[in-house]
1. By counting other Cβ atoms within 10 Å of each Cβ, how are 88, 54 ranked from fewest to most?
2. From Cα pairs below 8 angstrom and at least 6 apart in sequence, can you work out the relative contact order of the chain, rounded to a whole percent?
3. Using Cα pairs under 8 angstrom and six or more residues apart, how large is the relative contact order of the stretch 79-185, in percent?
4. Counting other beta carbons within 10 Å of each residue's own, what order do 42, 73 fall into, fewest first?
5. Which distance in Å, rounded to a whole number, links the C-alpha centroids of the stretch 24-52 and the stretch 105-142?
6. Residue 235 label point, 7 Å along Cα→Cβ, cut-off 13 Å on backbone N: hits in the stretch 1-41?
7. For a footprinting-style exposure proxy, rank 30, 40 by other Cβ within 10 Å, fewest first.
8. May I ask you to list the residues of the stretch 87-116 whose amide nitrogen lies under 18 Å from a point 7 Å from Cα along the Cα→beta-carbon direction of residue 10?
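None of the figures in this text is laboratory data; all of them are computed from the coordinates on show. Keep in mind that what you see is a predicted model, and the values were worked out from it rather than measured. All Cβ positions, glycine included, derive from the backbone under ideal geometry; neighbour counts span all protein chains shown.
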């Protein structure tokens, strides 16, 4: 098993986080540069891609290199990705999903239900999932937790609140130990430490409960928590093609 970090967007300059990322305005004048990261899990001969980043056409924040081209560095083709697992439906996590039409899509049932509405809300863009929505690809809406490979090594954790079906990912590596990839459970370290809830989350109480759940899971499994938008956290994992094992 291994886990590596992929570049999934070009960061904007540091931005004030107080108003948007705390509904109690807890962060004063704090400015942070938010980054965009996706992850590749190798499990035996199988591969899981966690999140699909910004689209290559996204203004200002598009990745410099596509996921397909990054994976080509290890001669990994899109059709070799067994699972495309999505933390939630926001655009910076789904932009290149359509590049992996042969993968089984794993996405929270709550999010899938929103994406397949006749008129999804503005922040839920179904376009990258057209392949699966039309029935041309296999999709597994994940209602609660999911033990992806059936051996407890990779578990999608049901952590709703940011979106209705939001999930995080617990990966248990033989050498590194347990790692939790947060999705957008929190957007930066201060957000996680103080149970901060962004103003655009769909459910405040679920958000608080999910953060508490992940903190307990992390403590119990001695896991390293990786907050996917915080450069201070993502730097804890090697940059692809290097990998934590």
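1. Starting with the residue having the fewest Cβ neighbours, the order is 54, 88.
2. The normalised contact order for the chain reaches 21 percent.
3. Relative CO of the stretch 79-185 lands at 25 percent.
4. 73, 42
5. 20
6. Of the residues in the stretch 1-41, 33, 35 have backbone N under 13 Å from the label point off residue 235.
7. On the way: 30 15, 40 22.
Taking fewest neighbouring Cβ atoms as first place, the list is 30, 40.
8. It comes to 92-93, 95-96, nothing else.
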